[in-house]
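Worksheet: one structure, shown below.
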2 protein chains.
Amino acid sequence: MPKGQPSIVPDDGLTTRQRRNRPLLMVNTGDGKGKSTAAFGLALRGWNQGWPVAVFQFVKSAKWRLGEQTAFETLGELHTARGTGGPIEWHKMGSGWSWSRKEGNDEDHAADALSGWREIQRRLAAEQHGLYVLDEFTYPVNWGWIDIDEVVDTLSHRTGHQHVMITGRRADPKLLDIADLVTEMTKIKHPMDAGQKGQRGIEW
Amino acid sequence: MPKGQPSIVPDDGLTTRQRRNRPLLMVNTGDGKGKSTAAFGLALRGWNQGWPVAVFQFVKSAKWRLGEQTAFETLGELHTARGTGGPIEWHKMGSGWSWSRKEGNDEDHAADALSGWREIQRRLAAEQHGLYVLDEFTYPVNWGWIDIDEVVDTLSHRTGHQHVMITGRRADPKLLDIADLVTEMTKIKHPMDAGQKGQRGIEW
């Protein structure tokens, strides 16, 4: 974690406090492990701040239900029961999305991905959450299912105090251009290289 | 997350199941953000598996209490109250360590770091945890407070099924040699570069 004073003080007319509290667009990209895991770790911090947090999983993982989802649902219940932390929503794209009453069409993942993005746009316009995790969002963008220029426009013009974290490989350069914080996770060594498969507790 | 079949099947006499369930030594290194955050995200997965998880913070963070600590303590209480997930311990090196009855000596961080490592050695020998997070452990090693050869020896010969995750910049090459999974987090862009300071919910 970087410490100390920033090396540049920008000429943006903002006070240090205003600048400090600017909402961030963050991207975890690269071929290494830890992109999603770090995003979910960030969501823990958001929960602890009492922010309404929403996770949107755009791609099925090796195991459909991640350990994090169970942990977050438990933390979300604590918010409801005791007012500890913030409310947490965890949505994943399977056959449609959990908020949609209609059954999704397994044949049309592109339409499902786009409807997920439309919902996120609605929530951003309503300033519904303090932190949005768009997990593996780079894939439907790269596959052309969601228009990158529209993503850039929506995220650049979001109002209020809404942090957004996007994960996935090969993030579009246009997304990186408007991001405040970009980290690349690089694989140096992985057990798969030595013939070891993924295991519970580690990969899911 | 890598998917599918490993490209090599090693000639180690193990079955796929045995190989899959081998305990891992993992390292998150590099100058980018997300090393610790991803390690804590991994701890969530361990909690969900019901593993006894222990976090050891070797270096003070910008804010002494991370959001994750509160979240994990809450999850640990749930384990105690309802048997949900696993037990979690969170130890940090301040003036000594929380398990030590004697007051630590603020003047001697080297001795405190070493006593933390000695405790970890005892716990590894007793096979006390399913996952150990040694957060920012590379620093006391790099400063010569903890002997790297001893670390390599202890970790290489640990028994049972104990996963270990080590975070921090400039991990020693000897540590990387024996690690199963190494990820480098690289900073591509950070708000500090644009004159923005860290903020709550993001950096702590």
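Any residue in the range A:82-93 that is at the interface with chain B (Cβ under 7 Å from one of its Cβ atoms), modelled with pLDDT of 85 or more and surrounded by fewer than 19 Cβ atoms within 10 Å (Cβ to Cβ)? Scanning the range A:82-93, I find at least one residue that is at the interface with chain B (Cβ under 7 Å from one of its Cβ atoms), modelled with pLDDT of 85 or more and surrounded by fewer than 19 Cβ atoms within 10 Å (Cβ to Cβ), so the answer is yes.
Any residue at all in the range A:17-24 that's modelled with pLDDT of 90 or more, under 23 Å from A:His157 (Cα atoms) and more than 9 Å from every other protein chain (Cβ to nearest Cβ)? Taking every residue of the range A:17-24 in turn, at least one turns out to be modelled with pLDDT of 90 or more, under 23 Å from A:His157 (Cα atoms) and more than 9 Å from every other protein chain (Cβ to nearest Cβ).
Give the range B:134-161 a look and list any residue that's touching a Pro at 6+ places or on another chain (Cβ under 7 Å) and over 21 Å from B:Lys92 (Cβ atoms), or say none. Result: B:His161, single match. Per the listing A:His157, A:His129, the residue uniquely over 10 Å from the mean Cα position of the chain (by Cα) and either surrounded by fewer than 20 Cβ atoms within 10 Å (Cβ to Cβ) or farther than 26 Å from A:Leu44 by Cβ (or both) is A:His157. Kindly establish whether A:Glu73 is surrounded by 15 or more Cβ atoms within 10 Å (Cβ to Cβ), at pLDDT 80 or above and outside any loop (DSSP other than H, G, I, E, B). Judged against the criteria, A:Glu73 is not a match.
So that you can scan it fast, the table gives a plain yes or no per residue for (1) closer than 19 Å to A:Ala38 by Cβ; (2) more than 12 Å from chain A (Cβ to nearest Cβ):
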| position | (1), (2) |
| --- | --- |
| B:Asp153 | no, yes |
| B:Thr159 | no, yes |
| B:Pro173 | no, no |
| B:Ile178 | no, no |
| B:Met192 | yes, no |
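I'd like to check something: does the range B:144-151 contain any residue that is away from chain A (no Cβ under 14 Å), crowded, with 19+ Cβ neighbours inside 10 Å and within 21 Å of B:Trp97 (Cβ to Cβ)? Checking the range B:144-151: at least one residue is away from chain A (no Cβ under 14 Å), crowded, with 19+ Cβ neighbours inside 10 Å and within 21 Å of B:Trp97 (Cβ to Cβ). Only a single item in (1) over 30 Å from A:His161 (Cβ atoms); (2) aromatic (Phe, Trp, Tyr); (3) touching a strand residue (DSSP E or B) at 6+ places or on another chain (Cβ under 7 Å) is not met by B:Trp117, and it is number (3). Assess whether A:Arg158 counts as being at pLDDT 95 or above, at positive phi and among the basic types (Lys, Arg). The answer is no for A:Arg158. Within the range A:149-169, one or more residues are more than 20 Å from B:Pro191 (Cα to Cα) and of a type in the set (Lys, Arg).
The values are calculated or read from the model by the stated rules, or taken from the named source; none is laboratory data. Predicted, not measured: the structure shown is a model, and the values here were computed from it. Every residue, glycine among them, receives a Cβ derived from its backbone with ideal geometry; neighbour counts consider all protein chains shown.
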